[in-house]
Amino acid sequence: MKAIRTTCAYCGVGCGIAATVTGERELVIAGDPDHPANRGKLCSKGTHLGETLGLEGRLLYPEIGGKRAGWDKAVRHVARKFADTIRRHGPDSVAFYVSGQLLTEDYYAANKLMKGFIGSGNIDTNSRLCMSSAVAGHTRAFGEDVVPASYDDLDEADLIVLVGSNTAWCHPVVYQRIMDARATRGTKLVVIDPRRTETCEEADLHLPLRAGSDVALMNGLLAYCREAGVLDQDFLDAHVAAPEGFWEALEEGADLWSTAASCDLPPADLRAFYELFARTPRTVTLFSQGINQSIRGTDQVNAIVNVHLATGRIGKPGAAPFSITGQPNAMGGREVGGLASTLAAHRGFDAESIADVKRFWGAPRIAEKPGLKAVDLFRQVREGRIKALWVMATNPAVSLPDVAMVREALTACPFVLVSDCIADTDTSRYAHVKLPALGWGEKDGTVTNSERMISRQRALLPPPGEAKPDWWIVTQVARAMGWRDAFAYDRPADVYREHVRLSAYRNEGKRLFDIGGHAAISDSEYERMEPFRWGGTPFADGRFPTADGKARLIAVEQRPLDGTLPKWPLTLNTGRYRDHWHTMTRTGLSPKLSQHRREPLVEIHPLDAEEKGIGERDLVRVTTPQGESVFRASLGETQRRGEIFVPIHWTDRQSNGGRTGLLPQPLVDPHSGQPGFKATPARIEKLAVQWHGFLIARTVPDRIPAAYFAKVRVGQGWLVELAGTRDPAALAQALLPKGERVEVADPARGGTRIAVLEGGELGGRLSAALYITRSGRLPDREWLIAQLASAAPGPMELLAGRPAVPLPDRGPVVCVCFDVGMNTIVQAIAGQRLLSVEAVGAALSAGTNCGSCKPAIRRLIGETKEAANA
Ligand code: SF4
């Protein structure tokens, strides 16, 4: 069987995959050794994509009002709704909210329909939440949204600075590339992040700055470089313009001591970084959501870019600021104009661009101004100004800030259309019409990764049910609205060719985004297309796409962020886990990926926890001015004092806690409109519950009547963590299936243990087991989970929750590829004196497949050595 070359479904690294179809909806996944982005490597998420292809939970047929409908009827219905709304209320009464999960062809068709034919700018994308500050920062500095770096620069840098980026978890293959550069050329690594993440395990220096003080740190660096005489004055004179008073304003409070105080960093550490930066011309500063997701996001981006421009570290090998994106095709969306703030093909809303794009599309009424950015768009839905909304491939009822407002908006909106591959999402519950879209492995088109590399994503599996490509769905609706000729696409290659031609249309070197070389690409060439990067080495000639050809230094806001927010005892930060992706509609299907983190944790400094009487694994209510939700406590000095961290992934589907979307305030950066997810005032308190427990079961009901639950996929069923305040007897009634019951009560500790067997008590199969205690310990979950896969053990073992001969406790899983737990690794490190990640790999295989757990293994080696020396 021949492997099909495609790209990963998840992050902006854009790894190439070689997938071999081995059965009905079965694939063997391997890294594509010929893809330049990853050269055969994959992280844990990419490696386990094959576990996420089942049809469980898929939307397979169009639905109108919850009832199955044919495509013709559904398309006519949608077209009529949109057309009626536009006729009665104007083009700005409708909106599309789309996704970085769309392929470029899907994005192109949607953008063209909204901006060129409906005639409104009201199409925005969930990439607004991820990297729109980088877009605004690039545009301010360079005149165009161009990422001036590639992964090759990481191979050629002498210093890599990671700012606001847990690269080891969020872009693991890029992190491994950085590790390779360290091994082969001794590249130095500095991590600037309030949290001590696993990314810091390899760093030469970690600067745990105060949340929101990045501008102060970068301005201090620029002032230091100026003082040290390492500005590139020739480059500045020839290629960069600065606003009047820029240098004078920079000097205010940018001395080393003041900066260290602003950032709450030891001056010696800050000096060490500044000196290293000053003497290392080949420096890449890589940044992601820690920079972008701030109400100062655009200024933070420009503070980084300013330093690179002023030191001439741009347009050269191994020297550039590098914004790395979260989603697989956020960059493709930027190229087509899927953000409300751009028109199309890297063009804005200036008169010339409007006229050119209108002519190119043959557009009857083109948008003449930017549309509403994500948060404002949903506000306008709630206020009734937007009356018809199309949500494509995204879940704003979970992912936007102030999801209560978003849910109100979706409830109030007269017409909500959701096109998605998943049947039941928090958002689709509000839909009047649902249209089934293809998922990863079925789609066919192109994506662009963080380094501007365009790759093919190819179909591996036939479309399930009546699911269709997103570009096809948009095309059908556009045709039904009367624009048949403008949407006469029969295949994704047709859309791609038009997108390519628009990038070159009346470009004449004015914009770097020009892929016109592909204008005549045939269908078969499109099918065989190899990955290619547009833009070469941007700005290598010192020319920038501005009117005068010069880049701009940008005067940025230096006042501390905390002065602009209400005073609460803590600051809340949010982010991703290593093995989960966004709202877990895919990774949540994988038992392997679900092992790394089974519950939403709030990470707290031990002293902050102690002040509130919170212990490890207690349940904690996190409250912000916006809302509240419950998380499991995880204590560690990885957090700064006064700062807490929660993950973004949990939804109503998996838990009634962990609802991070309820917490951030809907405050946005004034330039980019990107929400400030990284610094929300917060407080915590221990949640008072009367009992804790867990359930393992082959199936679990949708409704789980407990004060707290979090359910996660395991090998043959589910694990549900539980806590409650009421009599758990009602819970047992609600959760346990019919069957033979064995049961024991422990009145002294308020404990109950119930196992349910199919096929009789002896020789039967375990269906479910519930363990509850008010004051005692609960059994180890792992052995019990394994019992779902085999004949049930004896009732005494089941009720004890352990085998007659106890097994070693391997601890929480670190290496998901080889199922190796933390305790196993620590024992091997201590017992066999394993002093390197490679030695652990040789002994246990851990870390030898995808390598995503290598930073965790390195941390365990450090901690074990430290404990031995203590
Ligand atoms: S780093 Fe992992 S998630 Fe990101 S594209 Fe590569 S394999 Fe996929």
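The values are calculated or read from the model by the stated rules, or taken from the named source; none is laboratory data. Keep in mind the model is a prediction, meaning the values are calculated, not measured. All Cβ positions, even for glycine, are placed from backbone atoms using ideal geometry, and neighbour counts span all protein chains on display. Side chains are part of the model used for accessible areas, which takes the heavy atoms of the whole protein and leaves out ligands, DNA and RNA. Shrake-Rupley method; radii C 1.70, N 1.55, O 1.52, S 1.80 Å.
A few points about this structure:
- Within region 26-79, the residues that satisfy the criterion of being in contact (Cβ under 8 Å) with a residue 12 or more places away in the chain, among the acidic types (Asp, Glu) and surrounded by fewer than 22 Cβ atoms within 10 Å (Cβ to Cβ) are 26, 34, 51, 56, 63.
- Test: residue in region 820-833 that is more than 16 Å from residue 200 (Cα to Cα) and charged (D, E, K, R): yes
- Failed item in (1) more than 22 Å from residue 152 (Cβ to Cβ); (2) near the ligand (Cβ under 10 Å from one of its atoms); (3) not in a strand (DSSP E or B), with residue 29 passing the rest: (3)
- Failed criterion for residue 237 (all others in (1) more than 16 Å from the ligand (Cβ to nearest atom); (2) open to solvent by less than 40 Å² (accessible area, probe 1.4 Å) hold): (2)
- Of all residues in region 710-768, those that are surrounded by fewer than 21 Cβ atoms within 10 Å (Cβ to Cβ), of a type in the set (Lys, Arg) and under 30 Å from residue 649 (Cβ atoms) total 1.
- Test: residue in region 53-64 that is within 30 Å of residue 174 (Cβ to Cβ), within 26 Å of the chain's Cα centre (by Cα) and within 16 Å of the ligand (Cβ to nearest atom): yes
- Selection of region 822-853 for residues being open to solvent by 70 Å² or more (accessible area, probe 1.4 Å) and at pLDDT 90 or above yields 827, 832, 833, 835, 838, 842, 848.
- Residue match in region 94-106 (condition: surrounded by fewer than 16 Cβ atoms within 10 Å (Cβ to Cβ) and charged (D, E, K, R)): no
- Selected residue (criterion: farthest from residue 611 (Cα to Cα)) from residues of region 708-730 that are in contact (Cβ under 8 Å) with a residue 40 or more places away in the chain and aliphatic (A, V, I, L, M): 714
- Number of residues in region 775-796 that are more than 33 Å from the chain's Cα centre (by Cα), part of a loop (DSSP other than H, G, I, E, B) and among the small types (Gly, Ala, Ser): the value is 5.
- The residues in region 800-821 that are at negative phi and surrounded by fewer than 18 Cβ atoms within 10 Å (Cβ to Cβ) can be counted, and the count is 12.
- Members of region 656-670 found to be within 18 Å of residue 621 (Cβ to Cβ) and modelled with pLDDT of 90 or more, listed by number: 656, 657, 658, 659, 660, 662, 663, 664
- Unmet criterion (only one of (1) touching a residue at least 24 places away in the same chain (Cβ under 8 Å); (2) outside any loop (DSSP other than H, G, I, E, B); (3) hydrophobic (A, V, I, L, M, F, W, C)) for residue 700: (2)
- Residue within region 37-51 that is of a type outside the set (D, E, K, R), away from the ligand (no atom under 12 Å from the Cβ) and over 20 Å from the mean Cα position of the chain (by Cα) present: no
- Selection from region 367-383 of residues that are farther than 12 Å from residue 409 by Cβ and either charged (D, E, K, R) or open to solvent by less than 10 Å² (accessible area, probe 1.4 Å) (or both): 367, 368, 369, 373
- Test result for residue 548, crowded, with 23+ Cβ neighbours inside 10 Å and assigned to a loop (DSSP other than H, G, I, E, B): no
- Residue 3 meets all of the listed conditions (1) surrounded by fewer than 21 Cβ atoms within 10 Å (Cβ to Cβ); (2) away from the ligand (no atom under 16 Å from the Cβ) but one, namely (2).
- Meets criteria (touching a Ser or Thr at 6+ places or on another chain (Cβ under 7 Å) and within 16 Å of the ligand (Cβ to nearest atom)) for residue 853: no
- Search result, residues across region 563-573 that are open to solvent by less than 40 Å² (accessible area, probe 1.4 Å) and either at pLDDT below 95 or among the hydrophobic types (A, V, I, L, M, F, W, C) (or both): 565, 570, 572
- Taking first residues from region 607-621 that are under 13 Å from residue 636 (Cβ atoms) and partners that are of a type in the set (Lys, Arg) and loosely packed, with under 14 Cβ neighbours inside 10 Å, the Cβ contacts under 8 Å between residues at least 6 apart in sequence or on separate chains come to 607/641; 608/641.
- Check on residue 359, in a loop (DSSP other than H, G, I, E, B) and open to solvent by 40 Å² or more (accessible area, probe 1.4 Å): no
- Those strands (runs of 3 or more DSSP E) of region 405-524 in which 1 or more residues are in contact (Cβ under 8 Å) with a residue 12 or more places away in the chain and open to solvent by 40 Å² or more (accessible area, probe 1.4 Å) are absent.
- Those residues of region 172-211 which are open to solvent by less than 20 Å² (accessible area, probe 1.4 Å), of a type in the set (Asp, Glu) and more than 16 Å from the ligand (Cβ to nearest atom), in sequence order: 193
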